[in-house]
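Shown next, in structure tokens, is the structure this report addresses.
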Amino acid sequence: MRPPTYVATVKYGKEEFAEREIGDALYPLDPEIRIDKTVHRGVLAVYTKLNRQELLNALKANPPSALERIVPIQFCCGVNDTQECITKNMRLLPPAVRRIRFGRKGSLHSEGVRRIKDLLKDLMDPDAEEELLVEPLNSLVCFGIVRNGEDRFWRLREDRYTQIF
């Protein structure tokens, strides 16, 4: 399974609606966009060639009402080989992160969450500007980096409306 470019968290039960909304907003810039549902309700995998700024601009111009968060993905690991995969991909992570957040525990369960936190505890720095987001997706665990809270789409909508007035 190819890792997604972004993971979108949408309102629970609104996956199909959100899929259409996000697709409608991004299709004019990337006609090859693909959005897949996952085994986790409220989570979509987004495959696009758009960079973060292009994606955010398109979503701000046409804000999807069902979108809650959207996270750019740096790399993904198989659920059963997270330790080896994280060690191999440490160079893709910043030297420090403010905190580690989990989108949903999903297939990780409490032990998997604890194992990932233990592996990454040396990255923790309360003065860092970035957060590490861990997003379980089907049989993968994906890792994304965002500045503090920039993944939360309601903030993007507020910024758009503030700029209008």
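Rule-based calculations on the coordinates, nothing more; no lab input. Just so we're clear, the structure is a prediction, and the values are computed from it rather than from any experiment. Heads up, the Cβs are rebuilt from the backbone with ideal geometry, glycines too, and the neighbour counts pull from every protein chain shown.
Find the relative contact order for the range 75-147 and round it to a whole percent, using C-alpha pairs within less than 8 Å whose residues are 6+ positions apart. Walk me through the numbers on the way to the answer.
Details: 114 pairs, mean separation 30.3, N = 73.
Normalised by residue count, the contact order of the range 75-147 is 42 percent.
Any idea what the alpha-carbon Rg over 2.2 N^0.38 Å comes to for the range 75-147? Mind showing how you got there, number by number?
On the way: Rg = 11.2 Å, N = 73, 2.2 N^0.38 = 11.2 Å.
Normalised by 2.2 N^0.38 Å, the Cα Rg of the range 75-147 equals 1.00.
Restrict the search to the range 35-111; then list the GluC sites (Glu not before Pro) that DSSP places in a loop and that have at most 16 other Cβ atoms within 10 Å of their Cβ.
Values: sites: 54, 68, 84, 111; in loops: none.
Sparse-neighbourhood loop GluC sites (Glu not before Pro): none present.
Counting other beta carbons within 10 Å of each residue's own, what order do 151, 30, 127, 122 fall into, fewest first? Walk me through the numbers before you get to the answer.
Working: 151 25, 30 17, 127 6, 122 10.
Ranking 151, 30, 127, 122 by Cβ neighbours within 10 Å, fewest first, gives 127, 122, 30, 151.
With each run of n ≥ 4 DSSP H residues scored as -39500 (n - 2.57), what mean residue ellipticity at 222 nm is computed for the chain after dividing by its residue count and rounding to the nearest 500 deg cm²/dmol?
Result for the chain, helices only: -9500 deg cm²/dmol.
Take the Cα radius of gyration of the chain and divide it by 2.2 N^0.38 Å, with N its residue count; two decimals is plenty.
On the way: Rg = 15.7 Å, N = 165, 2.2 N^0.38 = 15.3 Å.
Computed over Cα atoms of the chain, the ratio equals 1.02.
In straight Cα distance, which lysines are under 26 Å from residue 11, not counting same-chain residues fewer than 8 positions off?
37, 49, 60, 105
How high is the relative contact order of the chain, in percent, counting Cα pairs under 8 Å that sit 6 or more residues apart?
It comes to 25 percent, rounded to a whole number.
Considering only the chain, what is the antiparallel percent among its DSSP beta bridges, to the nearest 5? Could you put the intermediate results ahead of the total?
Numbers: 26 of 30 bridges.
Antiparallel bridges: around 85 percent, rounded to the nearest 5.
Counting Lys and Arg as +1 and Asp and Glu as -1, each charge on the Cβ, what is the dipole of the range 75-147 about the Cα centre in debye, to the nearest 20?
The dipole magnitude comes to about 180 debye.
Considering amide H positions built from the backbone, and no H for Pro or chain starts, which residues 5 or more places from residue 124, or on another chain, come under 5 Å of its amide H?
For residue 124, whose amide H was placed from the backbone, the distant partners under 5 Å are 97.
So for the chain, taking the charge dipole from beta-carbon charges (+1 Lys/Arg, -1 Asp/Glu), which of 142, 7, 38 sits furthest toward the positive end?
38
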